[in-house]
Structures are given as C-alpha cells and as structure tokens.
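Structure first, commentary second.
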Amino acid sequence: MADRAPLWPAIDKPSHPHDSAHLHVIGLARYVDDGAEPADMLHLAFGQSEQAHARIAAMDLSAVRAAPGVVAVYTAADIPGANDVSPMAGDDRLLADGEVICVGQSVFLVAATSRDAARRAARLGRIDYEPLPALVTIEEARAAGSLIEPTQRMARGDAAAALATAPRRATGGFDMGGQDHFYLEGQVAIATPGEDGQMHILSSTQHPSEIQHLVAHMLHRPSADVTVEVRRMGGAFGGKETQAALFAAAAALVASKTGRPAKFRCDRDDDMAMTGKRHDFRVDYDVGFDDEGRILALSLRLASRCGVTVDLSPAINDRAMFHADNCYWLPDVEIVSERLKTHTVSATAFRGFGGPQGMLAIERIIDDVAARTGRDPLAVRIANLYGPDRDVTPYAMRVEDNIAPQMIARLRETARYDERQAAVEAFNARNNVLKKGIALTPVKFGISFTTTHLNQAGALVHVYADGSIQINHGGTEMGQGLYIKVAQVVADVFAVPVSTVRITATRTDKVPNTSATAASSGADLNGMAAFEAATTIRDRLAAFLARTHGCAAGDVRFTPDGVRFGDQCLSFATLCRKAHIGRISLSSTGYYATPGIVYDRESHKGRPFYYFAYGAAVSEVVVDTLTGEHRVLAVDILHDVGRSLNPAIDMGQIEGGFLQGQGWLTTEELVFDANGRLLTHSPATYKIPTASDRPRHFAIHLWDGDNVQPTINRSKAVGEPPFMLAISVFSALGRTIAATAPDKRALPPLNAPATPEAILRAIAGHRAA
Amino acid sequence: MSVRFILDGEIVDISDVDPTATLLDHLRYRMSRTGTKEGCAEGDCGACTVLVGELDADGTRVDWRAVNACILFLPMIHGKALLTVESLADGGALNPLQACMAANGSSQCGFCTPGFVMSLYGRAVGASGHDLPVEDVLAGNLCRCTGYGPILEAAATTGALTRDDAALAQQLRDLASGETVAGIYGDRRWFVPRTADALADLLAAHPDARMVAGATDVGLWVTKGLRVIDTLIFVGDIAELRTMAETDEGLTIGAGVRYAQAHAACARLHPDLGELVRRIGGLQVRNAATIGGNIANGSPIGDGPPALIALGATLTLRSHMGRRTMPLEDYFLDYGKQDRRSWEYVESVHIPRPAPDSIVHISKLSRRFDSDISAVCGAFRLDMADGVVTQARVAFGGMAATPRRAPLCEAALTGQPFTEETIAAAADALREDYAPLTDVRGTAAYRIDAAVGLLWRLWHGAQGEAVSVLEAQLG
C-alpha cells in the first residue's frame, strides 16, 4: 500500500479525527446547499398558517402567482399521491387540506426562480380562516382531554398501598421546557427529476429511507424510483429524523410537476417555527420513603405536550417512562404517561428522546426526598441505587450490567465531591449575594430502539483490485463521527490503514430499508453490519489463498505488514489483484440485527434494551440571589463508552452532549404566546450556550470497562447518554437556591429551564415556603 | 457605479448591484465560494464570518475585523479587502490553526467550523479584538456539537500568525477615493459618502433615505422582514464620524465608531461601561455596529443608551443647517420615535467622565451572558459628597418604551446619606418608576424585581461584597 498515496489524510487509530475534519476547517466539506445550482433550478418557500387551529374558508393565491419570478404555486390538491410526511401515523400533511392545525403549518408551496422571489411571494397569500378551538398548553389539553394516544401506564406492585404505609410521603411537581435543536445547518433538500419518473433527492436527513418511502407515496411511484442521498448534515440531534421529510417532499413535488430541479433551503426563523422540538413536560409525583431517604413507593405522572400530530411521540414518551427509574430501585411504582395533543407544532425526536425528561423527573424527586429528610442528596442517591436483589426495572428488565455504584464512588473521589461540598457550605456562610451549590447525578441510558424492528442495519463494502476500499452503510453522518468509526472497523478487519478506506455518502440505492440514524445506535448497528460485510470478503480472500497456495484458510492472517500465510506474506493490494484475476467477488453486503430484545407495549414489560450506558457528573454552580444570574463553574464527568471505538470522538460527544443538556436546563427557553405562536424563533431570542458558558473547569474521563454484550469491539453507544449528565447542573442550582433559606426542609420550586427569571422566582418561592 | 473589493489579491468588480444583496449570498451563489455558511441570516451565529480589511488611519497597514457576511450589504465592502475561509488555503495546505483544529476534534458536523476558523484566524493575525479573552472573540460563533473545548484549546495552542499585507495595502490605496460612490438599481438608489459634508448634502437631497452604518439592525429588515429600501446611504466610511476624543472631561465618540473600537476607551471611562460594551453582541456585531447607530435607531432594548443616559451623555446631531446638542434622554421621545429630523444625522455622543468618588454601576441582565439582548439593563451614577448622594442619575432599558430615567428612584436617593435605609427607600420608589411589559425576554414582574435587585447589587458591591457571578471563582 505504501506505493500509492492515501485516499485522504488519515492518521493512526484509535483516536482518529473526524473523517471530514480536514475539509471542515478549509470550507470544502460539501453540504446539501453547497453544490453548484443548475440554471433552471427552482427555489421554494411555504405559505404558512397564521392560526393555531382553523378551517380554511377561502384561499386567494393570485398575488402569489403574479409575483415576480414565481413559476408555480401548489396546494394540497396538486399532490398526486399521499399528502403525508409523517413517520407512522399518516397525519402530517405536506400541505394543509381544508384545515390548519398549528401556526407555521405549510399551506401552499411556491416555486420561483430565486429563493428571494419565493420567500417574498409566499407572504402574499390571502387565507380566510374560520377559527376553531385551539389548545396551546398542557393544562388546556388536559382539561379538554386532548390526547395523541391513550394514556399509558407502567407499574409494578401496588404503589397506592405502599404510599399509604410509607413512613414519610411527599407530593410535588414541576415543569420542564422543550428545546429547539438549533442544528447550524437548517433544513434543506434538493430534488432532481430523472428519466422515466425517477427522482433523486439530496436531503439533510437522519432518515433517508423514510424520505424515500414518503416521497414515493406522495408521488404515487414505487420506492425503487426514488433515491435519497446524504453525505453529511450540519448537525441534526434528532431534528432531522422526521422533520426533514417536509422539505424533501416539497422539493420532490415541484421537481415532479415541473421537470426542473428544485431546492428548498428553509430560512432559520421559518425552520424554528415550522419544525418540531423536544417535548416539554409537566411532572407530578407522590413519593413514599423512609427516614434514610430510601424510596418505597412512587406514583409518577408525566404529561407531555406532543403538539398536533403523532410524529414519534408514542416512542418518545415511552422512553420517558423507561428512564423514570434512572439508576434507582423503585419497589412499588406506577408511572402514568399522558401524551397531550395541542395545536402547536408537533414535538419530535431530540437527543435522549424522552429519556432526559423522565430522568430529570426522578432526579428531582430524589432531591425532594433529600431536602425533606435533611440528608445529603448524594447519600440519598446512593441509598436508592439498583443492587443485588433490587435490580429489576419497572418494565421488568433485569439490570445485569449495573456499574453506577462503582462509577459514582470513583467520581465522588476524583472530583473531591465531599471536600468541595464543605467548601461550598463555607462560601455560602460567608456570602450574602452569591451562593454556590454542587451536585452529583448519575445516568443509566438504555441502548436500542424501543421499537424492536428498527434494530437492524445493512452495509455494503467494496474492495477494489488495487486494495482500496469503499464502504457504505445505512447510517448517516451528522457530525457524531459515525463514518470514521465504521471506517476504522472495516480497516481493522483487513488490517489496513484507515486512509485506504473511502467512506461514501449514505444512499438508499446502496443500502435499502434502513432505520433512522438515531437512538445512539449508529455505530452499534452499522459498525456491526460493516464488520459482517468486510469479514465476508476477508473470508473469501483467505479461502482463495488457501486454495491457490495450499495452506489452511484458518492460517491466513491479515496484519499491518501484509497478509501472512505459512512463511509467505503478500501485500493486501497484491492479494486483491490476484483474487480479482482468480474471479473472487470483492464486494459484499453485511447485515446485523440486535439480538435478545423483546418488548410488549401492551403491558409495558420486556427487555427493550440490549444494554445500558452509564455515566456520572459533578457540577458546581454559583447564583446571584439578587437577579437570578448564574454560572456553571466546574464539571467533572466519568462516562462509560465500553471499550471505545474512538476515544477522541467519544470525548467530543460527551462534552458536546453535556453542554447541549446544560443549555436545555438553563438558557434555552421556548416561549409560545396564548395563540400558539412561537416567539423564540431565532437565535436573537433563543439562546444556546456560547463558548463562555462552557465551565472553565471541565474534566472528562472514560470508564475503563468493556460492554458486557458482544457489541462491535465491546463498545457502547455514546450519542445521547451524556446529554443527561447535565441534570447535575439543574440539581446543583436547586441546592444553591435552597441555600438562600437553609433551614427550610423543602425543595425550591424551580422549573426548567433555570433562566435568571426562573431562579429569582424560585428563590422568592423558597423563602416564602 | 460598481462595487469593487479585493479578494485573494484580485479586484472583484460587481456591477448592477442590488444595494441590499448580502455579501454571503454573493459569495455562495455568484462566486461558488460555499465555505462561508448561512446559519441564521441575522448575525447571531457566526457561521458566515469573514474578515474585512481596510487601511488604518495612516494608510499603511491593513486592519482586519471579523464580520457577519449574512447581514453585510454589498456596497458596504466597496473599497475594502476580504478574506473568506477559502482564502486561507495555501495550495491546499492547512495553516497551523486549521491543522490543529482538524486534528483535535474542533469540528463535529463542521458547519460552524469555517466561521470559527475565521474568527480565530483574525485573532491570530491581530484583527480587531484580538487582545480579548478567546471566549469573547468567539462570543458571536455558535457551535451546537462540540461544547467548544477543542476549539478553545486550538486557539490556546496556536500562536500568532503573520501576514504580509504590503501588496494588499498598496492595492487598497490604489482603490481608495474620496468621492461619494453611488449606484442605481432599478428604481432604487444607494450612496456611499466619504465626508460628513457629503452626508449632510445627501440627506438634504434625500430626506427619505435610510442611513446604514453596520447594518446589524437594518440587515434583518431585509433578510427577515424582506423589506425593500428605496434609498440607502451607507455611512460607515466617513472618517470624520469615526473619531474619538478622550479628555479629562470625558469621552466623545463619533457616531461611526464601532463598538469594538470604542471598547477600550469606554472601559477606561468606567469598567462597567467597558463590560457593557463587551456584552453588546458578538465580536462580529461589535465590529460592525456603531454607537451612533445604536442610539439613532431608538430601540427600547438598545444596551448603550441607558448607561450613557445615567452617565449624563449628550448627543450631537448634524445637518446641512448646522448642529444641535441635547441630553441623550431627550432624544428618545416615544417607542420608535426619536427627536431627529429626517435630514439630520447623529454626529457624536459625549460622555462626561464620572467624578472619582461617584458610584457608577451598570448591569445587563439576559438569559445568556454573551451575545444576548437584555431583559433589563440598569445604570446608576451617584455623585457623592461626605457620604451623601448629591445627585443621582438612574436609567433603565427594557423597562419602558424607550430607555428612560427613574425620577422617583433618583429623588429617593438625592440628598440622602448612602445607607441601606436609603437604598431600601429608593428600591420602593424604583418599583413605582416603571410599568414594564411582559414579553419574550421577561415578565413585567421579573423586570421590576430584577431592576430592584440591580440597585441592591450596587449597594452590596459598594460594601465590598462579591456580587458578580462572572467573577466568581471555583473553591
């Protein structure tokens, strides 16, 4: 291999940088919007609903059609097939049909010769609405009995009876806000018509197969006529799992109707108004415990604002239930999950997928128990951890890989939790205006799609006669480093440098029927599928050598120095050349389906997860009690990624996930007005963390244990779990507020996000309690 | 006339210029330079960061500043030099900053990365704001993936980089002209005057014209509001308006002085004023936005005016008929209504230097510390004699339709001993001074409580207590 230049500037594994890093920094990594635009390309914009819920009495689009540059204007009646861009329930319209159901809903579609012309024209539509009753808040939807699906119940034992007999009992509740994904690259798609009714779509999507199928149905064509391609996304975080379909379908509709390529690049403000976000939740609980803070019984009610369509809300709310135990044994427990339908944009997948909401609920309950018993919250956490003979989740899965106790113990020591806790108390005794707080919270996150059939993946590996390798799989690259991880897996199989492996765009015509790249599963599933494909080819090469050189196939070894058999050694490239001449197929698919998972949604029992990923974090914060301003001063993290496929990539996921979680719980506030209009639809009003919000002390360490399950390289998923480490920030803020009236044995009434306003209100509430 | 600027040593000449076409769109869709990204099209995310260079006052050096290309109208770059991320590729080789960022995990999705590269490259070559802490340099660059750690590490480990701009400086000198540049685009017209007199004459002739300095506000009228502006006068290139004078009496800042340029002088006048200026937008915004523009547009949430009012600033307006000067607070008449005739422009603002024993306190409250608009911005100047408040100037933004003084609070302080009791009485009075609105940045109740909290912060701070979470240390 040394005789040929590498395909790309790769460095040695295992901590190889992101495969596109050298392109990112020079501006040459191509995103969907970066290709040259054909002269006849059309640009698109939606006319949007101004009302949360109304019948469309009349629609006058004459001014839109007459606007400069406009080539076509389409409404629902122009859609040849299904007017649907939903993932499962069939209830998301590409274009509103007779009725609008949220502000920002797409009502008509403008195609023009420039983006500017399309956007201007889209504002000229005149729609006469007959308003219908609109539900905006969780309270309004609950009062109206408006649900996406029936309320779900997960239970063990008799929570009511155990509550009645518990030595101590507390009720409480709080609200937590949603979150906008704020991927830096907005939603975008380009559809290019091909011959004979075919369609090619470039989309910034986590789920190419879903877009393929939806577009096919929308155009009333077979799926085989639609190809969806994505090389990379400029961030996604769940926001391009189902939400990309709207824009791709719009582009496909125009391309199909006009025969011209069509691009939909959504404006940021429109993107934030039109696309789904993390669910906001209302939590209410009734918890029974003893004087040591051990939870004996819990009745928990999780209510979420699902927005106006089903989207992925059932699975997201299921996951909130799955994580309402976090690391804790809940003997008698009842978790009730209300999925409320409101006339707001449909909430959707976002990193953690309901898990953060469920986990924040139980951590808040633990803090409440600690406050009421007067015990240190960490002691209460430890007292409630899963352990021997108390190791079964509320959904009846045994926790077989529980490392939370050891991780907490180690982090407590390395982060000097007890020493710093004492320092915080001393600081608070000295200071009137500023107060500090510290908290350690753990994470246990279940890995697998809880919809069991999604846990499958395919890959395609080509080895060329010169020994270079091309790989393709069903996973998409959104920045998380999936491509480089899979490339490393394949390179390892052949013992060749990763620089000889070319990673190609995800395409539905290479690997079909893929699942979304979601649920942190990308490397687990696609890495294993690619491993299978590569191993198939390696075995063929070994068999070929055995046949042609009279050795045993089992004696052929692929090493960094070449392929060894007996006392001979061939370069990998030479072997490939010989195998090709010997008429050996050097291409293979690979397939993987996660074993051993089963779940009965009727009873909410089973083994929905292949394994758990763990972590723990200590956060220390400071609050200005006069204004509610606050900062995260220090964070120490210990996180479990199994045997890491790529430690640098994993560390990046941990740090980035944490800061995103910190944003969710502190600065990022979504504000809807009473009419269901999102007021925080731009970065001017919606505030994700900046560089200075990163804690100055930010130490991350990886846990040094393998996955007990035979995953690829015994690694663990890392995309979502670290997000929830940021719950330690919220917990620390609660303790800080409590320090403003330290004699009160109560949990300050803090809602998330803990903006300065929310904190000032909680301080007043705590002092008045 | 055409817009001409220098990119990678070549003169780019754009004729038939739509005066509100953005530099970003031109780069991406007319020049196929797609490394520069659009993240928000409103100057808040920094994915479109480019470096604009112009000759320094002596006409010898090239001064660089990072700006957001998404809200930079093409005429604003006339006569200047431009660097985009593509400019940094030296035959495809990465510079040390890029090499470090590529190796250390500074990019994940990579979409924001070119903007970070440009901000940090600017810092490395001594661009405007290069001496600020790196978090400040990056306050206008949002990354949603990395958590910023590797990026900050790359900045810390990459030292200064050198540029040889001698040839570029000569090109800029060749391109320079003292004449007003003007263009017509359909039935719209635009001007880039070079002198204060030329501006006055233009305004007299086109009283309906929209003046644009940094376009950090007007830019959004176009990219978000899709507004069509018939006549534009770009005032950013008038040297006379870009001067500052620092004397014992105070600081006079020309209306065309950008926030980044004024930062150090403001900090010398009072550290709180410097801190306030630091927190006005990201560096790209402060490298474009002007003090004059922030006053002239009369925003009720503009962060500069409350502080300037409390400090006793005066405003000078100029027109072809002469000048007039007024206390700054008198300029703000009502929501969106200022005491400026259509042919006048803001020439300068003068901030008197506070007496050494005056107590000055300025605070801005927002959800996020950097690059956010305040929910409440409060400023106090208490002149003292023998422990008694002889004069109190208290002004708030975000509490009324305009930046406005707090007369009841001032009265409760004036003539009173500086004691906890006086502050308590002033706090009660302050609650009566304003009837703020509830909006997306905060409720009325929070605004009142927080305003009172700022008065108490002044008190506790004056007692030597720790009152700033920004200064709080670990341990």
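For the reader, a short list of remarks on this structure follows.
- Summing +1 for each Lys or Arg and -1 for each Asp or Glu among the other residues whose beta-carbon sits under 10 angstrom from that of residue B:453 gives -2.
- Taking amide H positions as modeled 1.01 Å from N, with prolines and chain starts lacking one, the residues under 5 Å from residue B:250 and 5 or more places away or on another chain are B:353.
- Computed magnitude of the charge dipole of the stretch B:1-175 (debye, nearest 20; Cβ of K, R +1, Cβ of D, E -1): 300 debye
- Total buried accessible area between B and A, probe 1.4 Å, nearest 100: 6700 Å².
- Prolate/oblate/rounded call for the stretch B:359-471, Cα gyration tensor, a/c under 1.5 rounded: oblate
- Estimated 222 nm signal from helices in chain A, with DSSP H stretches of n ≥ 4 weighted -39500 (n - 2.57), rounded to 500: -8500 deg cm²/dmol
- Each Lys or Arg adds one and each Asp or Glu subtracts one; over the other residues with Cβ under 11 Å from the Cβ of residue B:178, this totals -1.
- Percent breakdown of C-alpha pair distances by 5 Å bin, ordered from the shortest bin, for the stretch B:206-295: 3, 14, 22, 22, 17, 11, 7, 4, 1, 0
- Karplus-derived 3J(HN,Hα), 6.51/-1.76/1.60, for each residue of the stretch A:27-36, Hz, glycine and proline x: x, 10, 6, 8, 9, 3, 7, 9, x, 5
- Here the 3J(HN,Hα) profile of the stretch B:461-475, calculated from phi with Karplus coefficients 6.51, -1.76 and 1.60 at θ = phi - 60°, is x, 5, 8, x, 7, 6, 10, 10, 5, 5, 9, 5, 10, 6, x Hz, Gly and Pro shown as x.
- Cut-off under 5 Å, modelled amide H: who pairs with residue B:165 long-range: none
- Shielding value for B:360-370 is 5, the average number of Cβ atoms from other chains within 10 Å of each residue's Cβ.
- P(r), alpha carbons of chain B - 20 Å bins starting at zero, rounded %: 24, 54, 21, 1
- Ranked from largest to smallest solvent-accessible area, with a 1.4 Å probe on the protein heavy atoms, A:200, A:24, A:453 come out as A:453, A:200, A:24.
- Here the simple spin-label model places points 7 Å from the Cα toward Cβ, and for residue B:248 and residue A:673 these points are separated by 5.5 nm.
- Taking only Cα atoms of the stretch A:171-320, radius of gyration then Dmax in Å: 20.5, 74
- Nearest-ten-degree value, helix B:420-433 long axis tilted from longest Cα axis of chain B: 60 degrees
- √(5λ) per eigenvalue of the Cα gyration tensor, the stretch B:241-352, largest first, Å: 21, 15, 13
- Remark: mean inter-chain Cβ contacts per residue of B:222-228 equal 3, using a 10 Å Cβ-Cβ cutoff to other protein chain atoms.
- Think of the stretch A:456-593 as having a plus end and a minus end, set by charges on the Cβ of Lys, Arg, Asp and Glu; of A:514, A:589, A:570, A:570 sits farthest toward the positive end of this dipole.
- Across the stretch B:1-175 the C-alpha pair distances fall into 10 Å bins from zero in the proportions 10, 39, 37, 13, 1 percent.
- For residue A:309, distant residues with modelled amide H under 5 Å away: A:346, A:347
- Over 22 Å apart at the Cα level, from the set A:444/A:716; A:277/A:341; A:341/A:687; A:277/A:510; A:605/A:716; A:436/A:744, are A:341/A:687; A:277/A:510; A:605/A:716.
- Other residues with beta-carbon under 11 Å from the beta-carbon of residue B:392 carry, at +1 per Lys or Arg and -1 per Asp or Glu, a net charge of +1.
- Taking N as its residue count, the alpha carbon Rg of the protein assembly as shown over 2.2 N^0.38 Å: 0.94
- A Cα-only calculation for the stretch A:456-593 places Rg and Dmax at 15.1, 47 Å.
- Nearest-ten-degree value, helix B:259-269 long axis tilted from longest Cα axis of chain B: 30 degrees
- Accessible area per residue, Å², the protein assembly as shown with all protein chains present, probe 1.4 Å: 33 Å²
- Counting all C-alpha pairs of the stretch B:77-213, share separated by more than 19 Å (%): 62 percent
- Peptide A:587-593 has a mean shielding of 0, counted as Cβ atoms of other protein chains within 10 Å of each residue's Cβ.
- Size descriptor for the stretch B:298-343, Kirkwood hydrodynamic radius: 11.3 Å (Cα pairs only, one decimal).
- Descending principal axes extents, the stretch A:333-440, alpha-carbon based, whole Å: 49, 42, 27
- Rounded FRET efficiency, nearest 0.05, which uses the C-beta distance separating residue B:60 from residue B:228 and R0 of 41 Å: 0.50
The values are calculated or read from the model by the stated rules, or taken from the named source; none is laboratory data. What you see is a predicted model, and the numbers here were worked out from it, not measured in a lab. When we count neighbours, we look across all protein chains shown, and the Cβ atoms used for this are built from the backbone with ideal geometry, even at glycine. What goes into the accessible areas is simple: the full protein's heavy atoms, side chains included, and nothing from ligands, DNA or RNA. Shrake-Rupley method; radii C 1.70, N 1.55, O 1.52, S 1.80 Å.
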